[in-house]
1. In Å, what Rg and Dmax follow from the Cα atoms of chain B?
2. What FRET efficiency comes out for the pair residue A:96/residue A:13, r = Cβ-Cβ distance, R0 = 25 Å, nearest 0.05?
3. Need one number: % antiparallel among DSSP beta bridges in the protein assembly as shown, to the nearest 5.
4. Round to the nearest 10 and give me the degree value, 0 to 90, for the angle of helix A:42-56's Cα axis relative to the longest principal axis of chain A.
5. Most exposed first by the Cβ proxy, i.e. fewest other Cβ within 10 Å, how do B:47, A:33, A:93 rank?
6. Tell me whether chain A comes out rounded, prolate or oblate; compute the Cα gyration tensor, take square roots of the eigenvalues as a ≥ b ≥ c, and use a/c under 1.5 as the rounded threshold.
7. Shape of the protein assembly as shown from its Cα gyration tensor (a ≥ b ≥ c, root eigenvalues): rounded if a/c is under 1.5, otherwise prolate when a/b > b/c, or oblate?
8. Among bridges DSSP assigns within chain B, what percent are antiparallel (round to 5)?
């Protein structure tokens, strides 16, 4: 059984982390959690991101939720905002794809092209695959 | 929606949008009298009577991006299809209460699903406290995020703390009803 003592131990361990997090710039991972996102499977995506962040012990990452992003047919949607960089929108996420985004984009700074939403003249051009020039 | 817990997270998000700081969720399974009753009560901004009348209409929503809002409508149809109902009570400035009732053994009742994931997702919202009451016949379990905050401080958005909460809720639900519903 999970005990309160265990929780206190976690607090002691993480209290430094929390303090650091306040003054450093953090990467934000935003998951769309409106009706459309939830129905498409956003909750497992959100939890797999949290899980991966925990596994890798990333201190400067905050995982947050938002409402409907506006393109429901592309849900689940995950946005990654690294400090000083432009927002990247990933579409049709799954728990596995989301893990890859944490590993490659959040940790190493390499955008995972296959899953990014590509917009040309206001139209989303890659519902299913990456369009190469 | 495939699970009741997904409807729950959806309704919780409504409460969060209504600026609620405390959301009380109670889920009651009664095998003997064959019902499942869920209530979600918040202290958010509430609705006026006019909005309340139309709230279950899928073409009514408070958001600006589109003119459909399916959350409550989907939940209501999930209740109706298994011999139950959904009721919404609200008072402007006081808060809102959603009550869902279903026949527990109805073949179309959705599985309850992963409650711990729903609670953890809800706790990611800042300044929101969650009380979750789980009742199975006579046995019950209660989780209160304010108790957790007394121990670890105000910020629960930490993977290790969330992981602990997730397992804690899962274990306790498992203890009461086997987690098989």
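1. 16.2, 45
2. Details: r = 29 Å, r/R0 = 1.15.
E between residue A:96 and residue A:13, to the nearest 0.05, is 0.30.
3. Numbers: 38 of 52 bridges.
If we restrict to bridges inside the protein assembly as shown, about 75 percent are antiparallel.
4. 50 degrees
5. Fewest-to-most Cβ neighbours within 10 Å comes out as B:47, A:93, A:33.
6. Prolate is the answer for chain A, as a/c is 1.5 or above and a/b outweighs b/c.
7. oblate
8. 80 percent
Values quoted throughout were computed directly from the atomic coordinates according to the rules given, and no laboratory measurement underlies them. A quick note: this is a predicted structure, and the numbers were derived from the prediction, not measured. A quick note on method: Cβ atoms are made from the backbone with ideal geometry, for glycine too, and the neighbour counts reach across all protein chains shown.
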